[in-house]
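A quick write-up on the structure given underneath.
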Amino acid sequence: MKAVVLAAGKGERLKPLTDDRPKVILRVANRPIIEYVLENLYHLVDEFVIVVRYKKEKIIETLGDEFGGKPITYIEQLPGEGTAKAIESARESVEEEFIVANGDIYFEEEAVRELVSAFRREKADAAVVVKHFEDLSHFGKVEIRDGTVLGITEKPGKVSGYVNLGIYVFRSSVFDFISKTKLSERGEYEITNTINLMIKAGLKVLAVPYEGYWNDIGRPWNLLELNEYLLRNKLKHEIRGTVEEGAVIIPPVEIGEGTVVRSGAYILGPVKIGKNSRIGPNCFIRPYTSIGNNCHIGNAVEVKNSIIMDNSNAPHLNYVGDSIIGENTNLGAGTITANLRHDRGNIRVEVKGKLEDSGRHKLGAIIGHNVKIGINVSIYPGRKIGSNSLIGPGAIIDKNVPPNSILIVKQEKEVRGL
């Protein structure tokens, strides 16, 4: 059996982190999101078919031509938007039965094992993994009776019910129904509409409930949620680097080869640090922090519940809380991320031009790639700084900064003689 992994999307809601790369290769706990998808499909498939489009060369560069010894085939998505069009793109590369999974979600292997088992046991035409939620305001509802899908409807509001998790098994007959699928109101060819056509034609579509962890990684704060889950549940205490005398390590902490933790550093796990990084002296790294390869966390720096990607630095006198810092980014001395509103309300973040409630009491900065920030910069909670931007000294970032921008604070000065 083959797995078709959908990885063509841009990830507009994850900007500025997706300014120059597809969302599926964003790193959480120091690994690309799509690797977790492949890993949890691995034992059930012989080959991966990855549907790509936006910045496809970066996915190919990240994964190569195999994963764990099993071959990867890359297929460019056909013209048109939506999951049905993405699946149709793989038509010539799959056999009678195949798995489909979105490349930007997280799930455990048990979800796919039960999916395939139920599909074959019941001799179904299709099967979909579902999960029960109390609030379907942001999800479509899967109508179920006796384990069979009766239909998938649009967001019904604040009611409870089952949600489609974006993991399926299909027979090749699905392609006949994809060809009949019309554009949705969103201007996309959606696989949920294809499934509704299959049901109307009398085909058997199973709903397979899943109670484990799942994350639809569509917003920046979802990256922090997944990072916390992975560090809490998957991290092993393993120190491959060098820890100087006088540093304190409270397990579980993973430290990669070539990394040096200098005296006075206090690391309270769960924390994951990559290869060839410099930590300390005299810094405090708090739980649920992942730090990538070739990073520098220096003197008098505190980092808490954050993601710092490869080749980025918080070298001195910084506070990084509940934040995401992209690759090749540097924080000047004294730069601080605020992560809490004065009224202690939920942090709201601008996503595609609209403010969204993150649902989080604490949320810091979301900083893109190749950003250079001057000394003594203060960043308000939930603010974004676009990739390839330069922030001058002493700035207060109370509004989002677009990518490829220079922000300079102008001061009027008067010098008088004594």
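The values are calculated or read from the model by the stated rules, or taken from the named source; none is laboratory data. Note that the structure is predicted; figures quoted are calculated from it, not measured. Neighbour counts run over all protein chains shown; Cβ positions are idealised from the backbone, glycine included. Ligands, DNA and RNA are excluded from the accessible area calculation, which covers all protein heavy atoms including side chains. Shrake-Rupley method; radii C 1.70, N 1.55, O 1.52, S 1.80 Å.
With R₀ fixed at 56 Å, the C-beta to C-beta distance from His237 to Lys123 puts the FRET efficiency at about 0.75.
Cross-link partners for Lys58 among the lysines, with Cα-Cα distance under 22 Å and sequence neighbours closer than 8 places in the same chain left out: Lys10, Lys15, Lys23, Lys70, Lys85, Lys275. Pairwise inverse Cα distances across the stretch 69-115, averaged and inverted, put the Kirkwood hydrodynamic radius at 12.7 Å. Among 224-236, 281-293, sorting by the average number of other beta carbon atoms lying within 10 angstrom of each residue, highest first, gives 281-293, 224-236. The string of couplings for the stretch 145-159 from the Karplus curve (6.51, -1.76, 1.60, θ = phi - 60°) is 9, 6, x, 10, 7, 8, x, 10, 10, 5, 3, x, x, 7, 10 Hz, one whole number per residue in order, with x for Gly and Pro. Ligands, DNA and RNA are left out, and with a 1.4 angstrom probe the accessible area of the chain is 45 Å² per residue.
The aspartates and glutamates whose alpha-carbon is closer than 17 Å to the alpha-carbon of Lys123, local same-chain residues fewer than 8 away aside, are Glu95, Glu96, Glu97, Glu114, Asp146. Less than 5 angstrom separates the built amide H of Gly332 from those of Ile373, Gly374, all sequence-distant by 5 or more or on a different chain.
Here the Karplus relation 6.51 cos²θ - 1.76 cosθ + 1.60, evaluated at θ = phi - 60°, turns the backbone of the stretch 101-108 into coupling constants of 9, 5, x, 10, 10, 10, 8, 9 Hz, with x for every Gly and Pro. Here the spin labels are modelled as points 7 Å beyond Cα on the Cα-Cβ line, and at Ile250 and Ala201 they lie 5.9 nm apart. Across the stretch 284-298, rounded Karplus estimates of 3J(HN,Hα) from the backbone phi angles (6.51 cos²θ - 1.76 cosθ + 1.60, θ = phi - 60°) give 10, 10, 9, x, 6, 10, 10, 10, x, 7, 6, 9, 10, 10, x Hz, Gly and Pro being marked x. Out of every Cα-Cα pair in the stretch 265-358, what percent are more than 16 Å apart? Above the 16 Å cut-off, the stretch 265-358 has 55 percent of its Cα pairs. Here the accessible area is traced with a 1.4 Å probe on the protein chains. For the stretch 15-170, carbon and sulfur cover 45 percent of it. Once the chain from Asp65 to Glu185 is taken as fully extended at 0.36 nm per residue, the excess over their C-alpha distance is 39.5 nm.
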